[in-house]
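Accompanying notes for the structure given below.
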Amino acid sequence: MFAFKNLAIATFVFFNFSIFATGHGLFTNIKSRVEKEGFSDRKLAILKSEASRTTFTADQVAELMDLFSFSADKMKALTSLRNRIEDPENAYVIVERFSYDVDKKNAASLLDGIESALPKPPRMSKRTVCWGDGPGRYCYTEYIEQ
């Protein structure tokens, strides 16, 4: 029974956090708010505020970075969003948005080694207990959340 309860919790956590980061409507809203701002410091403030509440795909981060004119501002935006990327394996999409090789190298080093912003499943340990010999042997397995 204990193992089933933990399995149900793990399944619930998995299905509540989808691989599709910010929904299309919310992302469009964030993007339009950033576009309306004229100064890059206000744009960055909006991104930092939203980054504290949501996660983004690499494509979405690249789109948001495109709203900045200068590579230094794009790098600041990337710095504020880097830990909120759900699919860091697609970081090449972000790196390709920079025009200069120096900026591409800086972006690649900034994104190197980041982990997904998706919640991690709980760590489980397994213990099997057996007693008796031959055909009368009984065993059960416990799954314990760490």
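The values are calculated or read from the model by the stated rules, or taken from the named source; none is laboratory data. Being a predicted model, the structure only gives us computed values, none of them experimental. When we count neighbours, we look across all protein chains shown, and the Cβ atoms used for this are built from the backbone with ideal geometry, even at glycine.
For segment 33-63, the set of residues classified as of a type in the set (S, T, N, Q), free of Cβ contacts under 8 Å to residues at least 12 places away in the same chain and in a helix (DSSP H, G or I) consists of S49 only.
Consider segment 64-99 and keep the residues that are charged (D, E, K, R) and part of a helix (DSSP H, G or I). The one that is surrounded by the fewest Cβ atoms within 10 Å (Cβ to Cβ) is E89. The one condition from (1) under 22 Å from the mean Cα position of the chain (by Cα); (2) modelled with pLDDT of 90 or more; (3) part of a loop (DSSP other than H, G, I, E, B) that E115 does not meet is (2). Give the number of residues within segment 100-112 that are farther than 22 Å from N83 by Cα and assigned to a helix (DSSP H, G or I). Number of matching residues: 1. Note on segment 100-146: residues that are touching a residue at least 12 places away in the same chain (Cβ under 8 Å) and surrounded by 10 or more Cβ atoms within 10 Å (Cβ to Cβ) amount to 20.
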